[in-house]
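Student: So that we are looking at the same thing, I have put the structure below in structure tokens.
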Amino acid sequence: MNIETIVSLSKRRGFVFPASDIYGGLGSSWDYGSLGVELANNIKRSWWRWLVHERDDIEGLDSSIIQNRMVWRYSGHETTFSDPLVDCRTCKGRFREDKLKDVTCPKDAKSCAGSGKECDLTEAKQFNLMFKTTVGATSAEDDYLATAYLRPETAQGIFINFKNVLDTSRRKLPFGIAQIGKAFRNEVTPGNFIFRTREFEQMEMEYFCRAEDAPRIHQEFIDGFQTWFASLGINPENLKLYEQNEKELAHYAARTVDILYRFFPEREDEDAQFDELMGIANRKDFDLKAHSKKPEDAEGKRINSDSTEDLSYFDPTTNERFYPYVIEPAVGVNRTLLAVLMDAYTEKTNDKGEVRVILKLKPELAPIKVAVLPLAKNKPEIVAMAKQLKKDLLPTMRTVYDDTGGIGKLYARQDEIGTPFCVTVDHESLEDNAVTVRDRDTWEQERVKIEDLKEYLQKRLG
Ligand code: GAP
């Protein structure tokens, strides 16, 4: 099993489709189909419930994708959010200089790019990854503020709203602000299905605290996220921590730990099998200071001459005013979805020697929880009973009715999309008011009275 197995399952069953496919596609853009959107929503719901609802020290936010250009000027993205690009005069390929060892030459992998043999590389040029646009129909070409960017991360929307949230929620430190939303990066080398795309979705949380508490809180989130991934059904053996070294650390970060997932199990080198699923950074007090009007540089000059607000925090118990430290766990929805699919994918051989795919998704994440199937679709009483059952279960759990094939085919289809339970209505059901419940993972069947069915399924779905 590798990413290609998931690409083909995704297309076949309606999780993810190549975007703009009927026009030849658009490099590394993907559309989420009826099952993919449900799975993504369930992942986001799990993250939101865990952080925002259950902890009760984190507020939610949904900020604009397009913000004033100044946000990206003072966050540092305008000057530093770039990749070093080199062109190869031999193969005409364009590559990230820092990722040369991972790329293959479009002409001949053995002769240039990365191998160093006959590559003829230009000097590196910095390429800014933000997508640029203009705001307003009448804006002049040279109007500085008419230029806007699609946000390359959701985090900055949180920092610039720090005071709004603080004032309206009356929170005291420590507390966090969480946001889920689209981010855009004009990646030089997107690829590997939904692993690296130019449009993607992030779940980011900025947790504001006192400097002295930051290292402990940072470690708590590193541990906490590993537990959360396990709760999504990801095997801890497929996760690995990576401590960023001095060279890799962003200039404002005190410590950053990435959680890696085994996205490339087919690679021989064990280390190369893993790549970033999320990052958890201690960003110190950089962001709130950068967006504040008061801080000054060594020469006494304001570091931000455009901000109209001071994003410092006043602690009434100690009478201190300061810029809080920030711990930032940032995770990609799409990479989490890919990891969840890869970990849930299994194959099982049935009595007839046929190989069946079973997607062992945690019930919480499964797009469909229950499929109600009539054993005979030409028998109106059975069909009516099955449709009624679907109606009764639907308000409590996502239930579908399916009669588009023989029972074996219907079971196989539900196994492949991760539906934990199939409920079959047969001739006997009309006599004994009971149905057969089939377990996706064990294929075991149990007879359950219709009056007990909802409670039985609820209990087993957890
Ligand atoms: N605010 C911090 C931040 O944005 P990041 O490591 O650049 O940090 C966080 O991004 C997460 O977003 C990554 O760990 C990854 O899961 C996801 N991500 C980043 N770039 C991506 C891309 N081009 N395609 C898909 N997911 C991406």
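Student: Do you know which residues across the stretch 27-40 are assigned to a loop (DSSP other than H, G, I, E, B) and at pLDDT 95 or above?
Tutor: Within the stretch 27-40, S29, G33 meet the criteria.
Student: Residues that are away from the ligand (no atom under 11 Å from the Cβ) and without any contact (Cβ under 8 Å) to a residue 40 or more places away in the chain: list the strands (runs of 3 or more DSSP E) wholly contained in the stretch 248-343 that include at least 2 such residues.
Tutor: Fully inside the stretch 248-343 and qualifying: 320-322.
Student: Let me ask you something else. Can you go through A109, A124 and tell me which one is more than 16 Å from the ligand (Cβ to nearest atom), open to solvent by 40 Å² or more (accessible area, probe 1.4 Å), in contact with an Asp or Glu (Cβ under 9 Å, 6 or more places away or on another chain) and modelled with pLDDT under 95?
Tutor: A124
Student: Restricting to the stretch 344-378, what's the tally of residues that are in a loop (DSSP other than H, G, I, E, B), charged (D, E, K, R) and at pLDDT 95 or above?
Tutor: Result for the stretch 344-378: 4.
Student: Among all residue pairs at least 6 apart or on different chains, which show Cβ distances below 8 Å where the first residue, located in the stretch 195-212, is among the β-branched types (V, I, T) and the second is more than 8 Å from the ligand (Cβ to nearest atom)?
Tutor: Sorted first by the residue in the stretch 195-212, then by its partner, the pairs are T197/S28; T197/S29; T197/W30.
Student: What is the residue count in the stretch 38-94 for residues that are of a type in the set (A, V, I, L, M) and under 23 Å from the mean Cα position of the chain (by Cα)?
Tutor: Final tally of qualifying residues: 9.
Student: For residues in the stretch 193-226 being open to solvent by 40 Å² or more (accessible area, probe 1.4 Å) and under 22 Å from the mean Cα position of the chain (by Cα), which is nearest to the ligand (Cβ to nearest atom)?
Tutor: So the residue we want is R196.
Student: Does A298 count as under 32 Å from the mean Cα position of the chain (by Cα) and small (G, A, S)?
Tutor: It is false that A298 is under 32 Å from the mean Cα position of the chain (by Cα) and small (G, A, S).
Student: Select, from A148, A137, the only residue that is without any contact (Cβ under 8 Å) to a residue 60 or more places away in the chain and more than 23 Å from the chain's Cα centre (by Cα).
Tutor: Only one candidate qualifies: A137.
Student: Anything in the stretch 227-247 that is open to solvent by 30 Å² or more (accessible area, probe 1.4 Å), within 25 Å of P324 (Cβ to Cβ) and touching a residue at least 12 places away in the same chain (Cβ under 8 Å)? List them, or say none.
Tutor: E243, Q244
Student: Kindly indicate whether any position in the stretch 352-364 is crowded, with 23+ Cβ neighbours inside 10 Å, away from the ligand (no atom under 16 Å from the Cβ), under 36 Å from the mean Cα position of the chain (by Cα) and under 30 Å from E199 (Cα atoms).
Tutor: Looking through the stretch 352-364, at least one residue is crowded, with 23+ Cβ neighbours inside 10 Å, away from the ligand (no atom under 16 Å from the Cβ), under 36 Å from the mean Cα position of the chain (by Cα) and under 30 Å from E199 (Cα atoms).
Student: Shifting gears a bit: Only one of these conditions is not met by A344: (1) surrounded by fewer than 14 Cβ atoms within 10 Å (Cβ to Cβ); (2) more than 19 Å from T80 (Cα to Cα). Which number is it?
Tutor: (1)
The values are calculated or read from the model by the stated rules, or taken from the named source; none is laboratory data. Just so it is clear, the model here is predicted, and its values are computed rather than measured. In this analysis, Cβ positions are derived from the backbone assuming ideal geometry, glycine residues included, and neighbour counts consider all displayed protein chains. Areas reflect the complete protein model, heavy atoms only, side chains present, ligands, DNA and RNA absent. Shrake-Rupley method; radii C 1.70, N 1.55, O 1.52, S 1.80 Å.
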